[in-house]
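Asker: The structure is given below, and queries will be raised subsequently.
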Amino acid sequence: MDKKELRNYIRMQKRQFSGEQLRELSLPVIRRLMVHPRVKNASVILMYYSLADEVYTHDVIDQLVADGKTVLLPAVIDDTRMELRTYRGPQDLQGGFFDIMEPVGDVFTDYEQIDVAVVPGMAFDSRNNRLGRGRGYYDRLLPQLAHIYKIGVCFDFQRLPGIPTDANDQAMDEVI
């Protein structure tokens, strides 16, 4: 399968579940994430504010903030770029590009301070390669965060033996 076919296949797999079922399937992933030493010991964490078909992160983001961690969320600024912004609470969110809830907080540019990045994907393979949604936003952002430990998160059915990759695709250090 090529990337487009694989994305369509994963979308079909996701449609087999209701939103409530996907939230339930998110719980073991989030539990593993919250006890992960890289997350537990992090001061600054890059997260993502989940879409309806992704591992649900809304509650964990608020928990990380309550635990005193600095949480960064990406915000799309144009057709090719994202910037990172500090998230302090739900009041910091507004609808952005592609109807994704994005933070309106302060722009964060001190990338050296980020301890860990938690990254969504359409699929991941046994070598921690990531297939995104196809616009390349994370593949352009992550090279700027080369020093950061990257954790991909997904549902079990999104883990595949292999996925097509090219030179621009950014692999994760680990997938949960």
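The values are calculated or read from the model by the stated rules, or taken from the named source; none is laboratory data. Quantities reported herein were computed from a predicted structural model and do not represent experimental measurements. Here the Cβ positions follow ideal geometry from the backbone for every residue, glycine too, while neighbour counts run over all protein chains shown. Protein only, heavy atoms only, side chains kept; ligands, DNA and RNA dropped before computing areas. Shrake-Rupley method; radii C 1.70, N 1.55, O 1.52, S 1.80 Å.
Asker: Which count do you get for residues in the range 61-75 that are in a helix (DSSP H, G or I) and either small (Gly, Ala, Ser) or open to solvent by 10 Å² or more (accessible area, probe 1.4 Å) (or both)? Walk me through how you get there before you give the answer.
Answerer: Of all residues in the range 61-75, those in a helix (DSSP H, G or I) come to 61-66.
Keeping just the survivors that are either small (Gly, Ala, Ser) or open to solvent by 10 Å² or more (accessible area, probe 1.4 Å) (or both) gives 62-63, 65-66.
Within the range 61-75, residues that are in a helix (DSSP H, G or I) and either small (Gly, Ala, Ser) or open to solvent by 10 Å² or more (accessible area, probe 1.4 Å) (or both) number 4.
Asker: Condition first: crowded, with 16+ Cβ neighbours inside 10 Å and closer than 17 Å to residue 150 by Cβ. Can you find one or more residues in the range 81-94 that meet it?
Answerer: Step one: filter the range 81-94 for residues crowded, with 16+ Cβ neighbours inside 10 Å, giving 82-87, 92-93.
Among the residues that remain, those that are also closer than 17 Å to residue 150 by Cβ are: 82, 84.
Yes, there is a match, as at least one residue in the range 81-94 is crowded, with 16+ Cβ neighbours inside 10 Å and closer than 17 Å to residue 150 by Cβ.
Asker: Given the criteria in contact with an Asp or Glu (Cβ under 9 Å, 6 or more places away or on another chain), of a type in the set (D, E, K, R) and within 25 Å of residue 163 (Cβ to Cβ), does residue 38 qualify?
Answerer: On the way: in contact with an Asp or Glu (Cβ under 9 Å, 6 or more places away or on another chain): yes; of a type in the set (D, E, K, R): yes; within 25 Å of residue 163 (Cβ to Cβ): yes.
Considered against the rule, which asks whether it is in contact with an Asp or Glu (Cβ under 9 Å, 6 or more places away or on another chain), of a type in the set (D, E, K, R) and within 25 Å of residue 163 (Cβ to Cβ), residue 38 comes out as yes.
Asker: Scan the range 129-176 for residues that are open to solvent by 10 Å² or more (accessible area, probe 1.4 Å), closer than 24 Å to residue 15 by Cα and more than 12 Å from the chain's Cα centre (by Cα) and jot them down.
Answerer: 129, 134, 135, 136, 156, 157, 159, 160, 161, 162, 163, 164
Asker: Just checking, how many residues over the range 81-101 are under 17 Å from residue 64 (Cα atoms) and either in a strand (DSSP E or B) or touching a helix residue (DSSP H, G or I) at 6+ places or on another chain (Cβ under 9 Å) (or both)? Quick ask: steps written out before the conclusion?
Answerer: Within the range 81-101, the first condition is being under 17 Å from residue 64 (Cα atoms), and the residues that meet it are 84-93.
Then keep just the ones that are either in a strand (DSSP E or B) or touching a helix residue (DSSP H, G or I) at 6+ places or on another chain (Cβ under 9 Å) (or both); that gives 84-90, 93.
Of the residues in the range 81-101, 8 are under 17 Å from residue 64 (Cα atoms) and either in a strand (DSSP E or B) or touching a helix residue (DSSP H, G or I) at 6+ places or on another chain (Cβ under 9 Å) (or both).
Asker: Another question, if that's okay. Could you list, in sequence order, all residues of the range 97-116 that are crowded, with 18+ Cβ neighbours inside 10 Å and over 14 Å from the mean Cα position of the chain (by Cα)? It would help to see each step written out before you state the result.
Answerer: Taking the range 97-116 and keeping what is crowded, with 18+ Cβ neighbours inside 10 Å, we get 102-103, 105, 108, 114, 116.
Result: 103, 105, 108, 114.
Asker: Another one. So is residue 78 open to solvent by 20 Å² or more (accessible area, probe 1.4 Å), of a type in the set (D, E, K, R) and modelled with pLDDT under 95 or not?
Answerer: In short, yes.
Asker: From the set of residues in the range 28-58 that are touching a residue at least 24 places away in the same chain (Cβ under 8 Å), open to solvent by 50 Å² or more (accessible area, probe 1.4 Å) and not in a loop (DSSP other than H, G, I, E, B), which is nearest to residue 103 (Cα to Cα)?
Answerer: Here the residue is 34.
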